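The values are calculated or read from the model by the stated rules, or taken from the named source; none is laboratory data. Just so we're clear, the structure is a prediction, and the values are computed from it rather than from any experiment. Cβ coordinates were reconstructed from backbone atoms using ideal geometry, including for glycine residues, and neighbour counts include every protein chain displayed. Surface areas here come from the heavy atoms of the whole protein model, side chains and all, with no ligands, DNA or RNA. Shrake-Rupley method; radii C 1.70, N 1.55, O 1.52, S 1.80 Å.
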Amino acid sequence: MKIQTLEIEEVLSRLVTSGNGLTEEEARRRLSEFGFNEIKEIKKKPLPLKFFTQLTHFLAIILWIGAGLAFLSEYLRPGEGMLTLGFAIVSVIFINAIFTFVQEYRAEKALDELKKLLPFFVSVIRDGKKKEIHAREVVPGDLILVSAGDKIPADARIIESVALKVNNAPLTGESEPMIRDKRIFLGEFIESPNIAFAGTTVLSGSGKAVVFVTGMRTEFGRIAHLTGTVEAGLSPLQKEIVKVTRVVAFISAIMGIAFFAIGYLIGRTFWENYLFAIGIIVANVPEGLLPTVTLSLAMGSQRMAKKKALIKTLTSVETLGSVTVICTDKTGTITQNKMEVKRTWTADGREQTTDSLLKIASLCNDAEFIDGEYRGEPTETALLKYSREKIGDLRSERMSEIPFDSDRKRMTTVNIILPGFSFLKENSGGLVAFTKGAMEGILPLCTHILINEEKIPINENLREESINAYHSLMDTGLRVLTFAYKEIIPPYPPLAKGGMGGFVVEEIENNMVFAGLIGLEDPPRPEVPEAIKKCQDAGIKVIMITGDGSRTALAISREIGLVKGIPVIIEGDEFLMMSDREIIKNLSEKEIIFARMTPKHKMRVVSILKEEGERVAVTGDGVNDAPALKKADIGIAMGITGTDVAKEASDMVLLDDNFATIVNAVEEGRGVYENIRKFVSYIFSSNIPEIVPYLSYVLLRIPLPLTIMQILAVDLGTDMLPALALGAEKPTEELMKRPPRDPKERLLNLKLVNRAYFFLGPIEAVAGLFGFFYVLKVGGWKWGEMLSPDNLIYMQATTACLTAIVITQIANVFACRSFKESVFSIGLFSNRLIFAGIAFEIVLQLFIVYHPWGNKIFSTAPIASGIWLLLIPFAVILFLSEEMRKLISRRYLTPSPPSPLRGEDRGGG
Amino acid sequence: MYRKILTAVNEHLNSEITARYAMNLARICDAKLYLCFIAERGLPSASLENAEEAMRRIFIEASKMDLRAETITETGDPVRMVSEIVRHEGIDIVFASTRREDVEKRFFAGTVARRLLLTLTSSVALVRVVHIGRIHPKEILVPLKARIDHVEERAYFTAKIAQAFSSKTLLFHAPKPLSRFFHGEIHLSPLEWEKKLPDDIYHFMEHLRRYRVIHDGRMVPGVTGRTITIEASSKRHDLIIMGASERSLLSSILKGNPVEDVLRDTPCDLIILRPGHEDTDS
């Protein structure tokens, strides 16, 4: 039993109030117990704490340890440059933290948008008198007075109404005016016509209602609560980065401990082992990874914006690429939302009857033709346009109306008709009721059918014929409306303008004459079939969730290629009756359509899909889509038709409301992930030439070939822009022919690690050590001789090692542009940013090697140009070796024919 | 189990709604109902009148339901007086509505509700009334911990409330998400989670089956309090029944307190049950 099912007296009694409203004292008491009628912010993590989190995640902790060790070294052995190193590492932590914090810091405006929808002042009756109070002071039991233009302050049961119509769009997304009256209603609470919901607007008429719930417990508050609390969790990429950092930390710790022990056993001093520990941490940790990922995502979001997909959360760029299911609306997203009359049907097929049908379509219509333009809702406009073109302008005074109502599925008007206008052979003018709507809402009201300008009693044959015609029109993908009329026999009730104008609904909507059918087409967007095919090739399941009937939805689905076999079709009523398990079972079917659904059902579909491990993108435009948009991995709001609340709750806004744009964005997202893998390969390759010098230092008893600051010069300097350039690689066509990335597939998988650590990295390490030893040898160094850090030969040797790494990384950036394809086949010059990155890399290296400031910061010394030339062959060897590996991989390791199976490894080749 | 049910009435509307839960429980348990109003000293006369009016209305409603009802009006400290009545009359369960202070004070320390929970020897059902529009709860959400004490009484209470309102019951468990060091968070489907259902919840379900109460189950990993309110909100439950928190103040500060979280953000009425009857097999 709920409040909509009670008689007015019972409602007042339950709420312990009366027709005189509450007393001021009781209102105060209730305010103190129930609190203010307002939308509250859900408690969130304070901003400083959010920033603090960025300084204390796993990667940051490893770096803090590194910095701590550096500061300790400075304290123990001052003047060896460890202070600079400590500060450098701390800077890295802060740079990473600021990058990520800025990315995550987005003002959550969804609640602010919701708050704007509630009114400031309302009229209430208290102590038997009308007064204006602040909306936040409204309490359960208050009697509120509403009239046209007012916003409803809280959920309230109607106890009096005069032609009261409200707009529930902020709550339900359905923009048709809804009648509110006091009669009891036994159906669902949310669909009850005797309840005015908070946040909705009074369109016309007036009424009195008793408030039964306020603030966050209203339906509106429920949406705010869900919007504020539902969290999508970490994005797949964020999860992967967490895993990568943990693996890296583990490797660092094991190496640090193992070689510390080895160093101790072979007689290295504590200081040497200690230095080694710091070096290993700094060399292993990919300091540049987070900023590079962030910048790469930012570039991806810019490319998407050019394709009319506005990304709000950076990580969503990559998440898009991993979606396995897209739940999409139909109207406006799949279709153009441009209604056009395509077919008409009457029982006799005669022109006069069709004209009568069009007269009803023209008069029972809220669209207008003003100044050469049609204005109104797309369906209404299409009907008016078609009628005007066929039978010209019609004028008739509308005396009363019952607006369209999604529960009644029809609208009715009562018009004054002049003699000579009527549909029958004999007529004298008068009042005529016109009705249009869904077949199931109108045919039961009809007792006659219009044939040859005569009212013929409708028999079973004619009824069946009409239903068959209705179905056959729907089967062609048309939205079909049924039209009927009734001549009202005098005496008329005292007429009044507006609302029902003195008529009783039940007395008008009976014994009607069935006039015919009109089929309207909302054509699919031309680019949608191609986009659907792309999704199918890419293994992404597309689920249409529409308010239209199942036949129309099915026909459109067939037209765009979404459905090829016999799909599972679930209608809204059926959906409500189903358990989660039944829905899961149906969702596992290959083709599924949800028809006659309202936006409020979306959240359940999305939740179930997510619980089943799918990565879900969902479209939405209404306020009550907001929780589903938040819950989905990717919430997609419509830029043109979407409400501000939906846009704020979403991760992506479609500037053109077009389904094809989603698919383009998915393609871009997949490309971004692929690019992240490329630069992870690139960054990890340089870890080996950074680690090997330390191992050599410990194991071979040689001077340290690469200082920690020089490692940072590579990780945070020379590598950055080329890595970013890899992030700008364009997605290849092949990307959308693969299934979505398996959630179990790792960013740092074994193949990628093998390629970076055991193939590319060692070549770079050999180059580095060659450069180092070459300079030492030329300088007269003897094996076992230790050199001081400021020894010129030593500084030149470390500079040569660093230069070797930089030169081989230049070749590596080309090598990492693809995993299997030859660089020549993807176009050597197809990514010009690579060359810009390389130019930057070379300039920075020249600065480090030849500028006094560079020398001072990085403990380098200028080297002869001949050394550069000596090192270039290593770059050539790396490049050619990788091309050879790719050739072997293509020829002998690629499965033939290529199979788009989920989980196919696309790792390091 | 419940032969004598007491409901505390005061000048606030909440207590009247709370009394309706008590009345319906009394009806289904064929228990005697005690309507009890304890006037604190210095209570304004208007409040006194309001409370007496409420007592009268509830008594009439109880009579219409053919309940054996008795009214008790006393003056003094509410907690002490109720405690005395409970001992004297042998009350099995006390219904009391939460006050705003219970929601505003952290861990509702020092509030009447907390004192009732700590002092009374009987079972206690604290009712937080937030939605007067849902008069008879049709969908009840019952969040359960992995380890449940007083399983019999909890199941009995849930079953009787469900029977009283012919409600559907959803048993809900919000475990911590699974994670591994290198793997991070591990996703399990609802069916996989079900295999990990704790034994106590199975026992609870067995009891419900014994009472022939229609129930369903669901496990959603996450932060307990928030996951419960999201579930209640998104599925439009009408009532939540959950156990009183057994966490100490320190534990609540360190680990949070799901009961307090739900109390603050519940989208529907909430009953917090502190059972007082020992299990027969314990």
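Worth pointing out:
- Förster-model FRET efficiency, 41 Å R0, A:ASN459 and A:SER147, C-beta, rounded to 0.05: 0.30
- Per residue, in Å², the accessible surface of chain A once ligands and nucleic acids are set aside, probe 1.4 Å: 40 Å²
- Over the C-alpha trace of chain B, radius of gyration and Dmax come out as 19.1, 67 angstrom.
- Convex hull (Cα only) mean projected area of segment A:273-341, reported in nm² to one decimal: 7.2 nm²
- Ranking of B:LYS255, A:LYS338, A:LYS647 by solvent-accessible surface, largest first: B:LYS255, A:LYS338, A:LYS647 (1.4 Å probe, protein heavy atoms only, all chains present).
- Between A:ASP348 and A:ILE257, full extension at 0.36 nm per residue minus the direct alpha carbon distance yields a gain of 23.5 nm.
- Of A:TRP345, B:TRP193, the order by accessible heavy-atom surface (1.4 Å probe, DNA, RNA and ligands excluded), from most exposed downward, is A:TRP345, B:TRP193.
- Taking chain A and dividing mean pair separation by its residue count, relative contact order in percent (alpha carbons under 8 Å, at least six apart): 12 percent
- Trypsin sites (Lys or Arg not before Pro) lying in DSSP loop within segment A:513-589, provided at most 15 other Cβ fall within 10 Å: A:LYS564
- Projected label distance in nm at A:ILE826 and B:LYS195, using a 7 Å step from Cα toward the beta-carbon: 4.0 nm
- Tail weight of P(r) past 17 Å, computed on alpha-carbon pairs of segment A:743-824, percent: 58 percent
- At a probe radius of 1.4 angstrom, the accessible area of chain B per residue rounds to 43 square angstrom.
- Buried surface for the A/B pair, taken as the accessible area of each chain alone minus that of the pair with a 1.4 Å probe, is close to 4200 Å² in total.
- At least 40 Å² of accessible area lost relative to the chain alone, listed for segment A:1-33 with a 1.4 Å probe: A:MET1, A:LYS2, A:ARG14, A:VAL16, A:ARG29, A:GLU33
- MRE, 222 nm, helices only [DSSP H, n ≥ 4, -39500 (n - 2.57), over chain A, to nearest 500]: -14500 deg cm²/dmol
- Extending 7 Å from the Cα toward the beta-carbon at both A:ILE98 and B:GLU52 defines two label points whose distance is 7.1 nm.
- Placing +1 on the Cβ of every Lys and Arg and -1 on the Cβ of every Asp and Glu, with no other charges, gives chain A a dipole of roughly 2500 debye about its Cα centre.
- Area projected by the alpha carbon convex hull of segment A:843-888, averaged over all directions, nm²: 4.0 nm²
- Separation of alpha-carbon centers, segment A:551-566 and segment A:821-846, rounded to whole Å: 47 Å
- List of segment B:257-279 residues, accessible area with partners at least 20 Å² below that of the chain alone (1.4 Å probe): B:ARG264, B:ASP265, B:PRO267
- Using the empirical formula 2.2 N^0.38 Å as the baseline, the Cα radius of gyration of segment A:717-866 reaches a ratio of 1.28.
- Zone of A:ARG890's modelled label, taken as backbone nitrogen in segment A:792-833 under 12 Å from a point 7 Å along Cα→Cβ: A:818-827
- Reduced Cα scattering model of segment A:242-281, Debye log10 I(q)/I(0), q = 0.30 Å⁻¹: -0.92
- Dividing the Cα radius of gyration of segment A:222-335 by 2.2 N^0.38 Å, with N the residue count, gives 1.70.
- Gain upon complete extension [A:ARG388, A:VAL876; 0.36 nm per residue less C-alpha separation]: 168.1 nm
- Here, the protein assembly as shown has an Rg and a Dmax of 36.6, 122 Å when only alpha carbons are counted.
- Remark: mean inter-chain Cβ contacts per residue of B:233-244 equal 3, using a 10 Å Cβ-Cβ cutoff to other protein chain atoms.
- On the beta carbon distance between A:GLN302 and B:ARG100, with R0 = 51 Å, the FRET formula returns roughly 0.55.
- Relative contact order (%) - chain B, alpha-carbon pairs under 8 angstrom, separation at least six: 20 percent
- Interface residues of segment B:200-226, defined as those losing at least 20 Å² of solvent-accessible heavy-atom surface relative to the isolated chain (probe radius 1.4 Å), are listed as B:ARG218, B:ARG226.
- Accessible surface of chain B [probe 1.4 Å, protein heavy atoms]: carbon and sulfur percent: 50 percent
- Solvent-free Debye scattering, log10 I(q)/I(0), computed from the Cα coordinates of segment A:567-624 at q = 0.12, 0.17, 0.23 Å⁻¹: -0.26, -0.54, -1.03
- Segment A:582-628 - percent of accessible surface contributed by carbon and sulfur, probe 1.4 Å: 46 percent
- In this rough spin-label picture, where each label sits 7 Å from Cα along the Cβ direction, the A:TRP853-A:SER13 distance is 8.6 nm.
- Estimated FRET transfer efficiency when R0 is 30 angstrom, pair B:TYR202-B:ARG264 (beta carbons, to 0.05): 0.45
- Segment B:SER63-B:LEU43, length gained on full extension (0.36 nm per residue, minus Cα span): 4.4 nm
- Pairs of Cα atoms in segment B:10-80 fall into 5 Å distance bins, from 0 up to the last occupied one, in shares of 4, 17, 28, 24, 16, 8, 3, 0 percent.
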